[in-house]
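Chemist: This structure is in structure tokens; I'll ask about it shortly.
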Amino acid sequence: MGTANKEVRQQIKQRFFETVEYTAKAQQVSAEIDWYDGDPSVDNDAKLTALVQEETEKFAPTYVQQPKLGSDDFACYQALIPGVYVNIGNGGSASAHNPHFTADDKLIIVGAQFFEKNARRWLAELAD
């Protein structure tokens, strides 16, 4: 569905069911809908996002990405526990799912720092 808003997703589903129901009634037929909600939208936890951005800015540039309508399996975790979905940039190369993508091995260090420093920060926050 073309929205990341949970309430709008529910409203779209409800309206779809209503439209099918009333169209079927108008045609004097019955209709059955087999609906799959799909994966939820990525929904970063505001507190964790602020913490991760603050900590990451100590060793790497950060930016806030505009919301996208694509889904990711990570959103299924976020439906159960707070989380932050992040991208670690790779310069000007093609996107990760493009056959022309080339990885910069130096980013392995940045990625390791990202997880190590943010895990330590979060554990320190939990201890307080």
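The values are calculated or read from the model by the stated rules, or taken from the named source; none is laboratory data. Because the structure is a prediction, the values reported are computed rather than measured. We place every Cβ from the backbone using ideal geometry, glycine too, and count neighbours over all the protein chains shown.
Chemist: Just for the stretch 6-61: of the residues that are assigned to a helix (DSSP H, G or I) and small (Gly, Ala, Ser), which one is nearest to the chain's Cα centre (by Cα)?
Modeler: Ala46
Chemist: Here's a follow-up. Among Ile109, Ile88, Ile81, which is outside any loop (DSSP other than H, G, I, E, B) and within 26 Å of Lys47 (Cα to Cα)?
Modeler: Sole residue among the options that is outside any loop (DSSP other than H, G, I, E, B) and within 26 Å of Lys47 (Cα to Cα): Ile109.
Chemist: Could you tell me whether Asp45 is at pLDDT 90 or above, exposed (fewer than 11 other Cβ atoms within 10 Å of the Cβ) and among the charged types (D, E, K, R)?
Modeler: Considered against the rule, which asks whether it is at pLDDT 90 or above, exposed (fewer than 11 other Cβ atoms within 10 Å of the Cβ) and among the charged types (D, E, K, R), Asp45 comes out as no.
Chemist: Also, I was wondering about something else. Which condition does Val84 not pass, out of (1) aliphatic (A, V, I, L, M); (2) in contact with a Leu (Cβ under 6 Å, 6 or more places away or on another chain); (3) under 20 Å from Arg9 (Cβ atoms), if it passes all the others?
Modeler: (3)
Chemist: Right, next: Only one of Asp72, Asp37, Asp104 is of a type outside the set (Ser, Thr, Tyr) and touching a strand residue (DSSP E or B) at 6+ places or on another chain (Cβ under 7 Å). Can you tell me which? Break it down stepwise before answering.
Modeler: Working: Asp72 fails: touching a strand residue (DSSP E or B) at 6+ places or on another chain (Cβ under 7 Å); Asp37 fails: touching a strand residue (DSSP E or B) at 6+ places or on another chain (Cβ under 7 Å).
Only one candidate passes the filter, namely Asp104.
Chemist: Quick one: what pairs do we get from the stretch 88-112, first residue of a type in the set (Asp, Glu), second surrounded by 11 or more Cβ atoms within 10 Å (Cβ to Cβ) and assigned to a loop (DSSP other than H, G, I, E, B), C-beta under 9 Å, 6+ apart or different chains?
Modeler: Asp104/Ser93
Chemist: Which condition number does Leu69 fail, the rest of (1) touching a residue at least 60 places away in the same chain (Cβ under 8 Å); (2) under 20 Å from Gly111 (Cα atoms) being met?
Modeler: Only one criterion in (1) touching a residue at least 60 places away in the same chain (Cβ under 8 Å); (2) under 20 Å from Gly111 (Cα atoms) is unmet by Leu69, namely (2).
Chemist: Further question on the same structure: Look at Phe74 and say whether it is closer than 30 Å to Gln14 by Cβ, among the aromatic types (Phe, Trp, Tyr) and surrounded by 12 or more Cβ atoms within 10 Å (Cβ to Cβ).
Modeler: In short, yes.
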